[in-house]
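Below: the structure, in structure tokens.
Each reported figure results from applying straightforward, stated rules to the coordinates on display, with no laboratory input. These figures come from a predicted structure and were not determined experimentally. Heads up, the Cβs are rebuilt from the backbone with ideal geometry, glycines too, and the neighbour counts pull from every protein chain shown.
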């Protein structure tokens, strides 16, 4: 991918065009609107098998399944069993046909796929079922720290997958840190937050704060993220990779360090901190990371009610109510 900036700008232009049909403008920043209202897409965990699973394999799959939202857990994933020869879904049939031509593919075989904002599915991890337990597919230290930062009020967390070149890592980190510090001081929150149509619903503090979270490509506990980011930039040529993450773990894009500059950092940051004029998640660029986080409970408490998701471009006018921006929880 060599056209990240063009793609992002085109996506944002489409969002702006769509927003002209919205009945009431929303002045809540994109990053905060996404945190309070956008439900993460489910990651697909597809298990290909030929003659069913053994008892031991079923138990291993059940352990993974219990961690998913689909089976009462909190990780945004669903387990899909696909029996070869009986599969009716065209996409999964074509996926297996492609996999079966690769060497060393042993059944049962697991594929994890993430949905892009366009609805396209991309594979970011695959391997035999017996490797699932040691692959940290559902949870990892970096993903827990990412969720923690978003929940205490970090506006955007920049994931940085380091390269093997220490000088490139330092140059990239320094550029990003300098620009994010500048933007944190110069950008302003949109006016009108708290007015009808622009309400806040959680006690997470609202301010502009941007942080960097570094990812070691050799960390065995983080190979899901490493494979995911590397898969978007297969021709990175040992460059650090970056992904601005906001909301409930939504990555806007994966960017090679060789494409990173002050202008691009500012463009992406301004988009994420600007008024959320198009509230429909699917109309916005990005993809959701697999995180084991109970967002509604963390944001609204065990008995708290989350605001309903916006399912169309139209918003129903709300009755004006006084609202004070909450101070939020302590870091």
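Some observations on this one:
- For the pair residue 212 and residue 305 in one chain, pulling the backbone fully straight at 0.36 nm per residue adds 30.4 nm over the alpha carbon distance.
- Here the residues 256, 167, ranked from fewest to most Cβ neighbours within 10 Å of their Cβ, fall in the order 167, 256.
- Counting DSSP beta bridges with both ends in segment 43-135, the antiparallel % (nearest 5): 60 percent
- Zone of residue 227's modelled label, taken as backbone nitrogen in segment 103-126 under 12 Å from a point 7 Å along Cα→Cβ: 109-114, 123-126
- Remark: 46, 193 ranked as 193, 46, counting other beta-carbon atoms within 10 Å and listing the fewest first.
- Full-stretch length increase - residue 235, residue 83 - with 0.36 nm per residue and alpha-carbon distance subtracted: 51.3 nm
- Ordering 211, 54, 186, 114 by the number of other Cβ atoms within 10 Å of each residue's own Cβ, fewest first, gives 186, 54, 211, 114.
- Highest mean packing comes first when the peptides 237-247, 85-95 are listed by Cβ atoms within 10 Å, giving 237-247, 85-95.
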